[in-house]
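Q: One structure, as C-alpha cells, below. Some questions next.
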Amino acid sequence: MNPAVIAQALGKRYSRYHADRPRTIMEAALAGHRRMKAASHFWALRDINFTVAPGQMLGIIGHNGAGKSTLLQLLSGVVRADEGQVQVTGRIGALLDLGASFHPDLTGRENVFVSAIVAGLTRREVMGRFDAIVEFAELEAFIDNPVRTYSTGMQMRLAFAVAIHTEPDVLLVDEFLSVGDGAFQVKCLDRIAHLKANGCAVVLISHNVEQIQQLCDQALWLKQGQVEAYGDPEVVAVRYAGIVDLQAQAKKFRSYSQAVELMEVKLLNSQNVVVAEIQSGDLLKIEIEYQSLQQFQNVIFSVSVSDENGQIYFNTNTSTSALVIPLSVESGKIRLCVDRLDLSGGSYYVNAGIFAPDWSETYDYHWHRHPFQITWTPNEQSMLCPPRRWEIVNSPISLDLTQQK
Amino acid sequence: MYLNKPRSRFQKRQLIYYRDLLRELVVRDLKLLYKRSTLGIAWTLISPLLQLLVFTFVFRSVLLVNIPQYSSFAFSGLLVWTWTQSALFQATGLITGNRSLVRQPGFPITILPIVTVTTGLIHFLLALPILLIFLIVDGVQLNSTFWLLPFLLVLQFVLTVSFAYPLAALNVTFRDTQHTLGVLLQLMFYILPIFYDLNKVPDPYRSLFLLNPMVSLLESYRAILVYGTLPDWRSLLILAILSSILLPIGYRVFKRQSERFVEEI
C-alpha cells in the first residue's frame, strides 16, 4: 500500500524582520523597499524525513518551539515548505485549534453545517451525518442554542465531533487530548482508534510520553527543528523522557527522606586510586560512603551508568545479588567492583541510590552527579567495546589479529 | 513542494462541493447580518433609501439639479456603487479576519473574495424590487432591455472580484489597507456620476471620467433600466476585455501571497 504521508528532506525557513519593518502603506512609502526585506533567516525545521502508512499513527514529541506545530502546518499544506517535499494522499482532517471556526452568534446546528462543509463535506454528506455528530457530542438538547451559550467543554466536544465525522484519510492532531473530561477523552481515543483501524493515517503531537507509547506505531522526536530520534515509540519515548527527567533534575534538587544519606561516591581503579577517566575495558570500582541515621533490617544499594541523554547502559543493585545489608546507626562504605566496563568512549555518569528493600522508599539518590570519561581509540560507531579478535578460518596461515588496546 | 493527491478523481463531487461551500458561507454572512440587529436584512435597504432621501432633498430642493426621474436615476446609481464599494471594503479584511479558515487544511482560500462579492450581489437583488417601485412611480416603462441586466451583473461581479483578490492579499502585509481603501472609496463616490449626470461634467474632465470602468458600468445600468435603451457596446466590450485581463492577474497575486498568509496573520 502507498504511504498516506511522505515527508522528504523537509525544511521550513522563517525570516526575521527589522523591528521597524513597515506595517502600513504610509510607512512603506516613507521607508522605501529596503526595510521590507528580511534581516535574517533561521530554519524552523530542516531535514525531516518520514512516512506514515494508512492505518498507522505517528507521534511527534519535543519541547516547546521544537517545530512540532510548524511540521503539522506543512503537512496540512497551509504553509509552504522551503525545502523538500510533502506528499499527502486523500482528504486531510485536522484537530488543530478546536472550535476556533465556530461563530458565537450562530446556533450549534448552523455551526456544524458551516464547519463540516468548510472541512470538506458536501451539504448532503453533512445532513447524513448530522445526527451522529450531535449524538457523539452529547449536545442533543442544546443544538439549536447559539454557541456563545456553550461552555468551553461543549464547544470542544462539538468541534471534535465534527472533525472526526469528516472521515479523513489523514488526521492531524495537535495536543488536544489533554482537554475535556476523562470520559469524553476515552471516547475520542476510541473514535481515533476506529478511524485508524479503517485505514486513516494519524499524526499526533503530544507532550504525554505514555500516550505516545500506548497509541503510536512510530515516534518522531524533534529538537530545535531537527530529528533527534525517529522510530519505535518505546525507544524514542524513553530517551525523550530521560531528557525531560534530567532537565527537571537540573532545575530542582530533589530531596529524599535521607534516613540513609549518600555521603560520597568515588570512582576507583584497580589500585584503589580515585579516577575521573578510564579506558574502555578497564576495571572500575564504585565506592559508596553512607551515613545511616537509624537501624535497618535491610536496604538496597543501586548503581547505574548512563550517558548525558539519560540512556542507562548498565544497572545493578544489591537485591539482584540477593544480598541482605542491615544497617545500624553508623557511617560505612560499600563497593561495587565492575571487572570490565566495556562501553565505548564518551562521557558517562555513575548514579547511585539507597532504597527500602521493597523499593517503596528512596532514602537517597544521586542522578548525574558523578561524571567520568571513557577513552577509546578506534573509530567505530558502537556502544559496546567488548574484547574481540578476528580469526581467519580458511587461510592456512594463522594470523593473530587480536585487537590491541 | 506540496502535493495532495485526491484518493479518487471525482470531478462531479468537487463541483457540488464548491457550490455547497459557496452557498454555506454566503448564507452564514447573511445570517450574521440578520442576527446582529433587530431590523436585520432590512438594513441593507434602509441605508441606501436614507441616502436617497438626502440626495433628493439636496439636489432637487437646494441645488436645483434638473434630472428627470431623479429618484430612479440616483437609486440605480447608489445600488450599483454600494455593491462594489461594500464588497471591496469587506474583501480587504477577509484574510486578516478569518484566521481559522485560512488555517483549515484543504480549504480553498480563493473562494473567500467570491463569497463576499456574492453576498453583495444578493443584497443588490434584494433591493432591486425597491428600484422597480421607483421606476414605476417615476413612470418608466420597463422594456426588453431589462433582460440585459444579468449580463451587466456578471461583468460587475468579475470586475469587483478582480480587485478584491489583490486588496485582500495586500491587507495581510499592510494592515492599514482597509482604512486607506475606505477613504478612497468614499472619495470615489463623489467622482462617479451617481447623483449627478455625466453630461454635466465639463469636457476635458469627462474623458477622464470615462477611463473609470465604474462609469461605463453605471451608464450601462441606467441605459437598460431607466432609459430603456441599449448600452454602449463598445465601452462594455472594453470592460469585458479589461475584466478578463485583471481577473487572472488579481487571482495570481492572491494565490502567490496565500502561501504566506498563515505565517503573517
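Q: Within 10 Å of each residue's Cβ, count the other Cβ atoms and sort A:LEU284, A:LEU58 from fewest upward.
A: A:LEU284, A:LEU58
Q: Taking R0 as 41 Å, what's the FRET efficiency between B:ARG13 and A:GLU83 from their Cβ-Cβ distance, rounded to 0.05?
A: It comes to 0.75.
Q: What are the aspartates and glutamates whose alpha-carbon lies under 12 Å from the alpha-carbon of A:LYS68, with same-chain residues fewer than 8 places away excluded?
A: Answer for A:LYS68, where 12 Å is the Cα cut-off: A:ASP174, A:GLU175, listed by chain and number.
Q: Considering every residue in A:74-81, what mean count of other chain Cβ atoms within 10 Å of its Cβ is obtained?
A: 6
Q: In what sequence do A:VAL5, B:VAL102 fall when counting other Cβ within 10 Å, fewest first?
A: Ordered from fewest to most neighbouring Cβ atoms within 10 Å, A:VAL5, B:VAL102 come out as B:VAL102, A:VAL5.
Q: What does the charge count near A:SER331 come to, summing +1 for each Lys or Arg and -1 for each Asp or Glu among other residues with Cβ under 12 Å from its Cβ?
A: -3
Q: Going down the table (A:LYS187/B:LYS35; B:LYS5/B:LYS31; A:LYS12/A:LYS196; A:LYS196/B:LYS5; B:LYS5/B:LYS255), which pairs top 24 Å between alpha carbons?
A: Exceeds cut-off: A:LYS187/B:LYS35; B:LYS5/B:LYS31; A:LYS12/A:LYS196.
Q: Moving on to the next point. Take every Cα-Cα pair in the stretch B:98-253 and report what % of them are more than 19 Å apart.
A: 64 percent
Q: Moving to a separate point now. With only alpha-carbon pairs counted, each pair once and no self-pairs, how large is the Kirkwood hydrodynamic radius of the stretch A:5-247 in angstroms?
A: When all Cα pairs of the stretch A:5-247 are included, the Kirkwood radius is 19.7 Å.
Q: Right, next: Over chain B, one equal point on each Cα, no solvent: what is log10 I(q)/I(0) by the Debye formula at q = 0.08, 0.09 Å⁻¹?
A: Result of the Debye calculation: -0.37, -0.46.
Q: Can you give me the angle between helix A:233-251 and the longest principal axis of chain A, using Cα atoms only, in degrees from 0 to 90, rounded to the nearest 10?
A: On a 0 to 90 degree scale, this one is about 70.
Q: Does a label point 7 Å from the Cα of B:ARG175, set along Cα-to-beta-carbon, have any residues of the stretch B:84-100 with amide nitrogen under 15 Å, and which are they?
A: The answer is B:93-99, whose backbone nitrogens lie closer than 15 Å to the label point.
Q: Hey, how many Å between the Cα centroid of the stretch A:340-399 and the Cα centroid of the stretch B:140-172?
A: Distance between centres, Cα-based: 78 Å.
Q: Translational D (Stokes-Einstein, µm²/s) of the stretch A:133-242 at 4 °C and 1.567 mPa s when Rh comes from the Kirkwood sum over C-alpha pairs?
A: Diffusion coefficient, whole number: 84 µm²/s.
Q: Evaluate peptide A:106-114: per residue, the Cβ atoms of other protein chains within 10 Å of its Cβ; return the mean as an integer.
A: What the average comes to for A:106-114 is 3.
Q: In the P(r) worked out for the stretch A:1-122, what percent of Cα pairs fall beyond 25 Å?
A: That fraction is 48 percent.
Q: Taking θ as phi - 60°, what are the ³J(HN,Hα) couplings along the stretch A:324-337 by the Karplus curve (6.51, -1.76, 1.60), each to the nearest whole Hz, with x for Gly and Pro?
A: Working through the residues one at a time gives 10, 10, x, 10, 10, 6, 6, 10, x, 10, 9, 10, 9, 10 Hz.
Q: Under unit Cβ charges (Lys, Arg +1; Asp, Glu -1), what dipole magnitude, rounded to 20 debye, does the stretch A:5-247 have relative to its Cα centre?
A: Once rounded to the nearest 20, the dipole reads 1140 debye.
Q: How shielded is A:161-173 by partner chains, expressed as the average number of their Cβ atoms within 10 Å of its Cβ atoms?
A: Partner Cβ neighbours, averaged per residue: 1.
Q: Considering the options A:MET383, A:ILE61, A:VAL173, tell which one lies farthest towards the positive end of the dipole of the protein assembly as shown, charges being +1 on Lys and Arg and -1 on Asp and Glu at the Cβ, about the Cα centre.
A: Of the listed residues, the answer is A:VAL173.
Q: If you take every residue apart from A:ASP217 with its C-beta less than 10 Å away from the C-beta of A:ASP217, what net charge results, scoring Lys and Arg +1 and Asp and Glu -1?
A: With Lys, Arg at +1 and Asp, Glu at -1, the neighbours total 0.
Q: Give me A:SER306, B:SER61 ranked fewest to most by other Cβ atoms within 10 Å of their Cβ, as a rough exposure proxy.
A: Lowest to highest Cβ neighbour count: B:SER61, A:SER306.
Q: With unit charges on the beta carbons (Lys and Arg positive, Asp and Glu negative) and the dipole taken about the Cα centre of the stretch A:5-247, which residue among A:TYR17, A:SER151, A:VAL118 sits farthest to the positive side?
A: A:TYR17
Q: Which one, B:VAL226, B:PHE107, B:LEU79, projects farthest toward the positive side of the charge dipole computed for chain B from Cβ point charges (K/R +1, D/E -1)?
A: Ranked along the dipole, the leading option is B:PHE107.
Q: With each pseudo-label sitting 7 Å past Cα toward Cβ, what's the A:THR51-A:GLN214 distance in nm, one decimal?
A: Simple spin-label model gives 3.0 nm for this pair.
Q: To the nearest µm²/s, what D does Stokes-Einstein give for the stretch A:138-198 at 20 °C and 1.002 mPa s, using the Kirkwood radius over alpha carbon pairs as Rh?
A: 170 µm²/s
Q: Here's something else I'd like to know. Under a plain spin-label model, where a point goes 7 Å from the Cα along Cα-to-Cβ, how far apart in nm are A:GLN226 and A:ARG335?
A: Rounded to a tenth, the inter-label distance reads 4.3 nm.
Q: Just need the Rg to Rh number for the protein assembly as shown, please, alpha carbons only, Kirkwood Rh.
A: Ratio of gyration radius to Kirkwood radius: 1.16.
Q: Quick one: give the max-minus-min coordinate of the C-alpha atoms of the stretch A:260-375 along each principal axis, largest first, in Å.
A: Here the spans come out as 41, 29, 24 Å, largest first.
Q: Hey, got the dipole for the protein assembly as shown? About the Cα centre, +1 on K and R Cβ, -1 on D and E Cβ, debye to the nearest 20?
A: 2620 debye
Q: Express in nm, to one decimal, how much length is gained between A:ASN315 and A:ASN379 on full extension, taking 0.36 nm for each residue of separation and deducting their alpha carbon distance.
A: 20.4 nm
Q: Related question: Would you mind calculating the relative contact order of chain B from Cα pairs under 8 angstrom and at least 6 residues apart, reporting the percent as a whole number?
A: Value for chain B: 25 percent.
Q: Taking the Cβ of A:SER151 as the center, what net charge do the other residues with Cβ under 12 Å away carry, scoring Lys and Arg +1 and Asp and Glu -1?
A: Residues near A:SER151 contribute +1 overall.
Read the figures in this text as sums done on the coordinates, not as results from a lab. Source: prediction; values computed, not measured. When we count neighbours, we look across all protein chains shown, and the Cβ atoms used for this are built from the backbone with ideal geometry, even at glycine.
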